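**Student:** The structure's right below; bear with me while I get my questions together.
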Amino acid sequence: MLMAAVILAANPVTGAPRPQDREPLSPAEVDQLTAEVAAQLRCPVCRNQAVLESSSGLARQMQTVIREKIAAGETPEQVKAYFVSRYGGWILLKPEPRGINLLVYLLPAAAVLFGGAVLFRQMRRWTGSVGSEEPAPEPPDEALSEEEEAWLRRQIGSAR
Amino acid sequence: MKGATRWLIPLLPVPVLALLAFGLTRSAQVLPSALIGEMAPEFTLQTMEGDSLALSELHGQVIVLNFWASWCIPCREEHPVLARATREYSEGDVRVLGVLYQDDPASAERFMMRYGGDWTTVLDPGSRTAIDFGVYGVPESFFLDTEGKIAHKQIGPLTWSLLRSTVDSLLAASAPGVGS
């Protein structure tokens, strides 16, 4: 189990291929790496389902092919490259961040940044003048006219 | 700036809608094969009659490699097209070769008895050859030039006009004195 963990840790998606002449993998390690690869490949006869999750005949046969290649000493990267060479980049559930595929990764981030900026500007407008470059108009400080003062006194007087 | 934003915000969904509209014009059926222009993956498989056949034995002819199954309805539709190809082209020029996909030989034999045709079909246990060719459904057909390179892939049933124009162009390209 510890070995498997070490191998998985040493073999991330971008990891360098392991040497071919290392010790043969244990059955548990083969299982683990097979599942790892099968989870990243699209089942060709399904709708957006991984080879690992599909019970279709072709997906199960693909799992057999993956298992044999892993057991023969190929790295997960090599096995995935084999399927890409046959089915094209479409077979990878997660597109490689390359070329036009980069848009898939960059557009959402750009949209969030843009939306955030718009929202920030708008919220500052809503929360009023605090710290904004347009100060609110000063309250008028003119004294009341005599007429107004007389009216005000009358109102206060009648309320009592 | 204020005037510009007033117009810009309602226009924001336009590129998204344009992208989605473009998506509607594209068929999921016509995923390009990663193998066009490559040598066809080699295989040696058993025919339905029990003989062993290697793909490389057929080099020198234009090959129509047809993945099919007896349970596949569109395969019935395209069957007469393949039958016509075996009649209209001589065997030294063009070879139709079936590869049975996820099917049992007995059903395939009944299918051939019922719909006619005497071209060879090889069995593909475990779909290894289908996976090697990047097949994801039937029918799928690969057109191989005389050197064994994959020139074209058809997903879905073949039509006579498509088969003829593809085969004729491959025959013309391989004719002595042309293109050399």
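Any read-out appearing in this document is the output of simple, stated calculations on the displayed coordinates, not a laboratory observation. In this text the structure is predicted, and so the values were computed from the model without any measurement. No Cβ is skipped: glycine too gets one built from the backbone with ideal geometry, and neighbour counts run over all protein chains shown.
**Student:** Can you bin the range B:134-177 into rounded, prolate or oblate? Criterion: square roots of the alpha carbon gyration tensor eigenvalues sorted a ≥ b ≥ c, rounded for a/c under 1.5, prolate for a/b above b/c, oblate for the rest.
**Tutor:** The shape class here is oblate.
**Student:** Based on other C-beta atoms within 10 Å, arrange B:145, A:31, B:124 from fewest to most.
**Tutor:** A:31, B:145, B:124
**Student:** Please list, by residue number, everything in the range B:142-163 whose backbone N is under 16 Å from a paramagnetic label point 7 Å out along Cα→Cβ of residue B:42.
**Tutor:** B:147-150
**Student:** While we're looking at this one, here's another question. What average number of partner chain Cβ atoms lie no more than 10 Å from the Cβ of the residues making up B:129-135?
**Tutor:** Shielding by partners across B:129-135 averages 5.
**Student:** Please identify the GluC sites (Glu not before Pro) of the range A:24-92 that satisfy two criteria: DSSP loop assignment and at most 15 other Cβ atoms within 10 Å. Which are they?
**Tutor:** A:53
**Student:** How tilted is helix B:73-88 with respect to the longest principal axis of chain B? Cα atoms for both, answer in degrees (0 to 90, nearest 10).
**Tutor:** 50
**Student:** For a protection proxy built on the mean count of beta-carbon atoms within 10 angstrom, sort B:91-100, B:58-67, B:39-48 highest first, please. Don't jump to the answer; show the numbers that get you there.
**Tutor:** On the way: B:91-100: 19.7, B:58-67: 21.9, B:39-48: 16.0.
By packing density, highest mean first, the sequence is B:58-67, B:91-100, B:39-48.
**Student:** In Å and on Cα atoms, what radius of gyration and Dmax does the protein assembly as shown show?
**Tutor:** Using the Cα atoms of the protein assembly as shown, the pair Rg, Dmax is 33.4, 120 Å.
**Student:** What list do you get for B:123, B:163, A:113 if you sort them by fewest beta carbons within 10 Å?
**Tutor:** Starting with the residue having the fewest Cβ neighbours, the order is A:113, B:123, B:163.
**Student:** Just need the relative contact order of chain B here, percent rounded to a whole number, with Cα pairs under 8 Å and 6+ apart.
**Tutor:** Working: 256 pairs, mean separation 50.3, N = 180.
Contact order relative to length: 28 percent.
**Student:** Restricting to DSSP loop positions (anything but H, G, I, E, B) with no more than 14 other Cβ atoms inside 10 Å of their own Cβ, which trypsin sites (Lys or Arg not before Pro) remain in the range B:1-93?
**Tutor:** Passing sites in the range B:1-93 are B:26.
**Student:** Another question, if that's okay. How tilted is helix B:105-115 with respect to the longest principal axis of chain B? Cα atoms for both, answer in degrees (0 to 90, nearest 10).
**Tutor:** Helix B:105-115 and the main axis of chain B meet at about 90 degrees.
**Student:** Once you order the gyration tensor axes a ≥ b ≥ c over the Cα atoms, which shape class does the range B:35-174 get: rounded for a/c under 1.5, otherwise prolate or oblate by comparing a/b with b/c? Please list the in-between numbers first.
**Tutor:** Details: a/c = 1.44, a/b = 1.21, b/c = 1.19.
Rounded is the answer for the range B:35-174, as its axis ratio a/c remains below 1.5.
**Student:** Read phi for every residue in the range B:153-167 and hand back ³J(HN,Hα) as whole Hz from Karplus 6.51 cos²θ - 1.76 cosθ + 1.60, θ = phi - 60°, with x for Gly and Pro.
**Tutor:** Result, ordered by residue: 10, 10, 9, x, x, 6, 10, 4, 5, 5, 4, 5, 5, 5, 5 Hz.
**Student:** In terms of modelled amide H atoms, which long-range or inter-chain residues lie less than 5 Å from the amide H of residue B:121?
**Tutor:** Excluding prolines and chain starts, which carry no amide H, the hits are B:48, B:98.
**Student:** Check which residues have an amide H placed less than 5 Å from residue B:72's amide H, if you skip close sequence neighbours.
**Tutor:** So residue B:72 has HN proximity to no qualifying residue.
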